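The values are calculated or read from the model by the stated rules, or taken from the named source; none is laboratory data. All values derive from a computational prediction rather than experimental measurement. With ideal geometry, Cβ positions are generated from the backbone for all residues, glycine too; neighbour counts draw on all protein chains shown. We work out accessible area using only protein heavy atoms, side chains counted, and drop any ligands, DNA or RNA first. Shrake-Rupley method; radii C 1.70, N 1.55, O 1.52, S 1.80 Å.
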Amino acid sequence: LCRRLAALPFFKRLVLETRPEFALPDRILTLLESLAPSQSLMLGLGVETANESIRHLCLNKGLSWSDFSSVQRTSRCLLRFYCFFGAPFLTEAEMLTDTFDSILRFRQAEADEIHVESATIQRGTLLNRLWRNDSYDLPSLWSLVFLLRALPGGPYPYVGAFHHFPMPYQIPRTCGRCEASVFAAFETYNQALDPSCFDTLACTCMDSWWQRLQETDPRPLEKRISSCLEELNHADLPSVSQGD
């Protein structure tokens, strides 16, 4: 594939999503040697969060920060870090704080690009079961707006699409009065990565979002998870068909 791409004069960069255990130096070198000297490679890594406990307990990633930081980077092999927004078992404020802290950590690691990917509800997933059991709420779009406006300077992260394949069953939303404007603002933001496009957004539904930010859970993370999973084991949840 790389040799074929090398012959295309308009082709500039190949982006591959992978895990650190596959991004071995000899494999990266082989790919770069197969591309033209003017072309580059970007490795997309699902770091998800800079918090080791959240990555291990909430996301079950099976990888540590040292695994990601050890991936080779050169002038022609760039790194894109994906940051997950909306980890389960966290409050809205904890989701927001974790994503904020993770973006700052990814900046310190000098990631060439940072992408924030918001949680969605997909069929056949744990999030789906938690959501249907009233044990999980998707993060509010207002939290994502607040996050981008609160970041100190740039570079700012790209925000991944909310509709993607396979199509999600549910996505983060606001209310019917402002939702179209909020989604349009995200499209504008991604074009220039300038959070000033959110400055004029406002809606009365921000009051309910602010109340969500005040919610707390004093239980340790391990206790929250074990309690939720125990509830799922005893829950009689209806199935979600393809036509729902």
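In this structure, the amide hydrogen of Cys77, modeled 1.01 Å from its nitrogen in the peptide plane, lies closer than 5 angstrom to those of Leu41, counting only residues at least 5 positions away or on a different chain.
Per-residue ellipticity at 222 nm computed for the chain from its helices equals -11000 deg cm²/dmol, with DSSP H segments shorter than 4 residues left out and the rest contributing -39,500 (n - 2.57). Ordered by solvent-accessible area of protein heavy atoms (1.4 Å probe), largest first, the residues Lys61, Lys223 come out as Lys223, Lys61.
For the range 64-143, what relative contact order do you get, as a whole percent, if you take Cα pairs closer than 8 Å and at least 6 residues apart?
Working: 69 pairs, mean separation 28.3, N = 80.
Normalised by residue count, the contact order of the range 64-143 is 35 percent.
Across the protein chains, with a 1.4 Å probe defining accessible surface, the residues Met206, Met167, Met95 rank Met167, Met206, Met95 from largest area downward. Given R₀ = 45 Å, what would the calculated FRET efficiency be for Asp194 paired with Glu231, taking r from the Cβ atoms and rounding to 0.05? Here the calculated transfer efficiency is 0.55.
For the chain, report the accessible area per residue in Å² (1.4 Å probe, heavy atoms, rounded to an integer).
Values: 13190 Å² over 244 residues.
Per residue, the chain has 54 Å² of solvent-accessible surface.
Each of Arg4, Arg80, Arg123, Arg13 has its accessible area taken with a 1.4 Å probe; listed largest first, they run Arg4, Arg13, Arg123, Arg80.
Averaging the sequence gap over all C-alpha pairs within less than 8 Å and six or more residues apart, then dividing by the number of residues, gives the chain a relative contact order of 17 percent. Taking the accessible area of the chain, probe 1.4 Å, and keeping the other protein chains in place, the carbon and sulfur fraction comes to 52%. Under 20 °C and 1.002 mPa s, how fast does the range 62-202 diffuse according to Stokes-Einstein, given a Kirkwood radius computed over C-alpha pairs? Answer in µm²/s, whole number. Calculated translational D: 132 µm²/s. Coupling constants for the range 92-105 follow from the phi torsions by the Karplus curve (6.51 cos²θ - 1.76 cosθ + 1.60, θ = phi - 60°), and in residue order they are 4, 5, 5, 4, 5, 5, 5, 5, 4, 5, 5, 4, 5, 5 Hz; glycine and proline get x.
Size of the dipole of the range 115-204 about the Cα centre, Lys and Arg at +1 and Asp and Glu at -1 on the beta carbon, nothing else charged, in debye to 20?
Result for the range 115-204 is approximately 300 debye, rounded to the nearest 20.
In order along the range 55-70, the phi-based Karplus estimate (6.51 cos²θ - 1.76 cosθ + 1.60, θ = phi - 60°) of 3J(HN,Hα) comes to 5, 7, 7, 8, 10, 6, 6, x, 9, 10, 4, 5, 5, 6, 5, 8 Hz; Gly and Pro are listed as x. Only beta bridges with both residues in the chain are counted; by DSSP, about 5 percent of them are antiparallel.
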